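Structure, as structure tokens:
The values are calculated or read from the model by the stated rules, or taken from the named source; none is laboratory data. Model, not experiment: these values are computed from the prediction. Glycine also receives a Cβ, built like all others from the backbone with ideal geometry; neighbour counts cover every protein chain displayed. These accessible areas exclude ligands, DNA and RNA; they are computed on the full protein's heavy atoms, side chains included. Shrake-Rupley method; radii C 1.70, N 1.55, O 1.52, S 1.80 Å.
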Amino acid sequence: MNFIEGEPARGDGADCIGIRPEHLTLSTESGRWSGTVTVSEHLGSDTFVYVQVEGIGTLVARAGGEFPVHHGDRVWLTPQTEKLHRFDDQGNALSSVAAGAKVA
């Protein structure tokens with residue numbers, strides 16, 4: 001699970017968001033967050049890509065099959081917002097809400 005805190009999470013109505021690697025869409029062209037590949041490892045039928053994103057830290061994304069990137073490449077990550085786990089500043093889970101919606 002990737003955890004993202006602070007300003008990047010507030011746009012999704014939470015103090016912290018969690019997203020599983022398979023719920024991050026990888027692209028070599030565009031997306032919500034851009035970063036630099038630090039590790040790309042092909043394991044069986046999946047490729048795990050570790051991406052250093054400025055202001056967030058390292059995020060891990062999982063792509064089915066072979067994803068053609070190497071150390072130092074720029075990639076973009078976009079979370080599947082319906083798959084986000086949202087938490088308040090105490091670490092309590094928030095109910096599912098649409099991205100950007102106000103949480104009571």
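Residues are listed down the side, and each one gets a yes or a no for (1) small (Gly, Ala, Ser); (2) under 9 Å from the mean Cα position of the chain (by Cα); (3) more than 19 Å from residue 72 (Cα to Cα):
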{"site": "7", "(1), (2), (3)": "no, no, yes"}
{"site": "16", "(1), (2), (3)": "no, no, yes"}
{"site": "20", "(1), (2), (3)": "no, yes, yes"}
{"site": "27", "(1), (2), (3)": "yes, no, no"}
{"site": "31", "(1), (2), (3)": "yes, no, no"}
{"site": "42", "(1), (2), (3)": "no, no, no"}
{"site": "46", "(1), (2), (3)": "no, no, yes"}
*asked:* Of everything in region 53-74, what is β-branched (Val, Ile, Thr) and either touching a Ser or Thr at 6+ places or on another chain (Cβ under 6 Å) or assigned to a loop (DSSP other than H, G, I, E, B) (or both)? Give them in sequence order.
replied: 56, 69
*Among the candidates 66, 82, which residue alone is at pLDDT below 95, open to solvent by 80 Å² or more (accessible area, probe 1.4 Å) and more than 18 Å from residue 4 (Cβ to Cβ)?*
66
*Take region 94-104 and flag every residue that is open to solvent by 80 Å² or more (accessible area, probe 1.4 Å) and either under 17 Å from the mean Cα position of the chain (by Cα) or modelled with pLDDT of 50 or more (or both).*
95, 96
*Can you name the residue in region 1-52 that is more than 26 Å from residue 87 (Cβ to Cβ) and not polar (S, T, N, Q) and, of all such residues, is modelled with the lowest pLDDT?*
44
*Looking only at region 37-58, count how many residues are touching a helix residue (DSSP H, G or I) at 6+ places or on another chain (Cβ under 8 Å) and closer than 12 Å to residue 4 by Cβ.*
2
*Where in region 1-52 are the strands (runs of 3 or more DSSP E), entirely inside, with at least 3 residues that are open to solvent by less than 20 Å² (accessible area, probe 1.4 Å) and under 30 Å from residue 89 (Cβ atoms)?*
16-19
